[in-house]
Each structure stands twice: as C-alpha cells, then as structure tokens.
Amino acid sequence: MVDSGSMNPLRAVDTVAKDGALTVIMRKEFDAGNVHQDWAQQIQILHPGPFATVTVDCSACGLLSSTFFAGIMQLQQYYGGLGAQPLVLFKPDPRIVKNLTILRLNSFFNIIPR
C-alpha cells in the first residue's frame, strides 16, 4: 500500500494503491487556495499503473472547480488507456453529477451517488 498525503502543501488529495486498485481521495481542501493545475499528472507520475480500477472518492467535497473536471478526465484517459475500467466517482456532490451531465461527460464514469 502506498499513501501519498504530501503531494502538495495543501494536501488536496491522498492516494492509496493496493492490489491493482488506485483510490484518489479528494480532500475538503481541494478548492481552497493554490491547488496545482497538474494534480492529476502528479498522481500519474506517483502511480503509473496499470490499475484494474481507479476510484476518486469525492465524499468529503462539495462543488468542485474546473480543475477537478479537467483532472478526472485526464485520469480517465490515462488509466483507461492502460486498460482500467471507467473511473469510479464515489459519492460526488449532486451538483458535480449535474455539471458532468450538462457537459455530457457523465458517461465516461461510473458514478456512485451520495
């Protein structure tokens, strides 16, 4: 198991890689301040994969910025290209699901609602 809570000083995300699964935990602080635009790339570098499943746990967050949307698309393209199943969004705020639907991006993900 790998735990990376120090990817940036604000601890915007934590990661756990174990048994062919990667879990990215979006912290409440994700949109609080200077979160790097390349948060998803940092995850790819730290956990190059391949993984059978990639889950993004959004249960601690409310509505997230465009930086989040760009990052999850980047993760889906990268890990999906390595053979992972569609990215799982675990308990995102309903407003995130609504925005994904409006943008017609919801079909790229398996969404487990709150």
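The values are calculated or read from the model by the stated rules, or taken from the named source; none is laboratory data. Keep in mind that this is a model prediction, so the values were computed, not measured. The accessibility values were calculated without ligands, DNA or RNA, using every heavy atom of the protein model including side chains. Shrake-Rupley method; radii C 1.70, N 1.55, O 1.52, S 1.80 Å.
Here are a few things to note about the model shown:
- Rolling a 1.4 Å probe across the protein heavy atoms gives the chain an accessible surface of 53 Å² per residue.
- Translational diffusion coefficient of the chain (Stokes-Einstein, Kirkwood radius from Cα pairs, 25 °C, 0.890 mPa s): 176 µm²/s.
- Potential lengthening between residue 93 and residue 108 on full extension [0.36 nm per residue; Cα-Cα distance subtracted]: 3.7 nm
- For the chain, complete DSSP H runs whose alpha carbons reach 18 Å or more along their own long axis and whose mean Kyte-Doolittle score is 0.0 or higher are 66-81.
- GNM result for the chain, Cα springs below 10 Å: residue of 93, 19, 38 fluctuating most strongly: 19
- The fraction of accessible area contributed by carbon and sulfur in the chain is 55 percent, rounded to a whole number (1.4 Å probe; ligands and nucleic acids excluded).
- Taking every DSSP beta bridge that has both ends in region 11-114, the antiparallel portion is near 35%.
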